[in-house]
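Accompanying notes for the structure given below.
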Amino acid sequence: MPGTLYVVATPIGNLEDITLRAIETLKSVDLIAAEDTRHTKILLDKYGIKTPTTSYFEYNKIQKTDYLLKVLNEGKSVALVSDAGTPGISDPGYTIIRSCIDGNITVVPIPGPSGLITALTVSGKPTDQFTFVGFLSPKPIKRKNQLKKLQGEGRTLILYESPHRIEKLLNDILEVFGDTQLVVAREVTKKFEEIRREKVSSSIEHFKSKGVKGEFIVII
């Protein structure tokens with residue numbers, strides 16, 4: 001019988017946000033497939049988890065999917081984790097999850113933290129209907145066109161962005177949506193957590209040339 005793939009949500013910042021079930025799962029599986037093994041090691045060391053790890057990220061996912069399927073078909077269990085939050089959201093987790101489903105290998109969710117839901121719940125924006133957009137294109141023209149297609153969406157929009165592109169994204173939002181009210185969340189659950197609810201122009205002014213760090217969640 002094939003083993004089981006556990007899709008394990010891990011903290012998005014504060015390491016104490018992990019669930020008891022996630023800790024037990026990471027301890028009991030035969031292998032942990034991590035987006036960045038060095039990053040995951042910090043979490044594993046905190047909770048005394050000695051399970052072997054292997055890398056599974058965007059640029060080795062094809063090769064590693066075959067390897068993980070082999071491990072699973074040998075009857076062993078594997079835990080899939082991302083750098084932060086729930087695997088499969090803006091990371092390569094979809095590939096192995098889909099491959100397991102297609103191969104009749106059991107996939108079990110171990111729920112927990114999710115950056116987009118965490119930011120949305122404190123944003124003050126409507127939560128009854130929302131659209132998760134994730135990362136837009138790094139190419140200026142394509143990114144602006146993607147934003148134009150989102151005009152008139154009606155539902156709350158949730159975007160991800162990196163620190164070195166946040167100012168460019170905000171400027172594009174200003175051009176496409178006007179000086180609307182938005183929420184910019186940075187370093188959510190971490191020591192320097194910052195959640196700003198303001199007009200686009202105010203966010204641009206605040207983050208301009210600050211050399212900010214951390215991943216951003218922008219909610220429109």
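Which of the peptides 88-101, 62-75 is most tightly packed, and how do the rest follow, going by the mean number of other Cβ atoms within 10 Å of each residue?
Order by mean packing, descending: 88-101, 62-75.
With a 1.4 Å probe and every protein chain kept in, tell me what percent of the accessible surface of region 6-154 is carbon plus sulfur.
53 percent
Suppose we keep just the DSSP beta bridges with both residues in region 1-133; what percent of those would be antiparallel, to 5?
Roughly 5 percent of the beta bridges in region 1-133 run antiparallel, per DSSP.
Tell me, in nm to one decimal, what length is gained between Glu24 and Arg98 on full extension, where the rule is 0.36 nm per residue of separation less the Cα-Cα distance?
Fully extending the segment from Glu24 to Arg98 adds 24.2 nm.
Kindly list the residues of region 193-220 that lie in the label zone of Lys168, defined by a backbone N under 18 Å from the point 7 Å along the Cα-to-C-beta vector.
The answer is 204-205, 207-218.
Can you compute the FRET efficiency between Thr127 and Lys41 using 1/(1 + (r/R0)^6), with r the Cβ-Cβ distance and R0 = 45 Å? Round to the nearest 0.05.
About 0.80, to the nearest 0.05.
I'd like the projected area of region 108-217, averaged over all directions, using the convex hull of its alpha carbons. Report it in nm² with one decimal.
Answer in nm², one decimal: 7.7.
Name the long-range amide H neighbours of Thr53: under 5 Å, sequence gap of 5 or more, or other chain; modelled H, no Pro or chain starts.
Close amide H contacts, sequence-distant or interchain: Ile32.
What is the extension gain from Glu205 to Gln181, computed as 0.36 nm multiplied by their sequence separation minus the C-alpha to C-alpha distance, in nm to one decimal?
Taking Glu205 through Gln181 to full extension adds about 7.2 nm, to one decimal.
Taking the solvent-accessible surface of protein heavy atoms with a 1.4 Å probe, what is the per residue accessible area of region 55-114 in Å²?
Ligands and nucleic acids excluded, the result is 50 Å² per residue.
Hey, could you grab the Kirkwood Rh for the chain? Inverse mean 1/r over distinct alpha carbon pairs, Å, one decimal. The partial results should precede the final answer.
Working: mean 1/r = 0.0536 Å⁻¹.
One over the average 1/r among Cα pairs gives 18.7 Å for the chain.
The values are calculated or read from the model by the stated rules, or taken from the named source; none is laboratory data. Owing to the predicted nature of the structure, the values given are computational and were not obtained by experimental measurement. Cβ coordinates were reconstructed from backbone atoms using ideal geometry, including for glycine residues, and neighbour counts include every protein chain displayed. When the accessible area is computed, the model is the full protein with side chains, heavy atoms only, and any ligands, DNA or RNA have been set aside. Shrake-Rupley method; radii C 1.70, N 1.55, O 1.52, S 1.80 Å.
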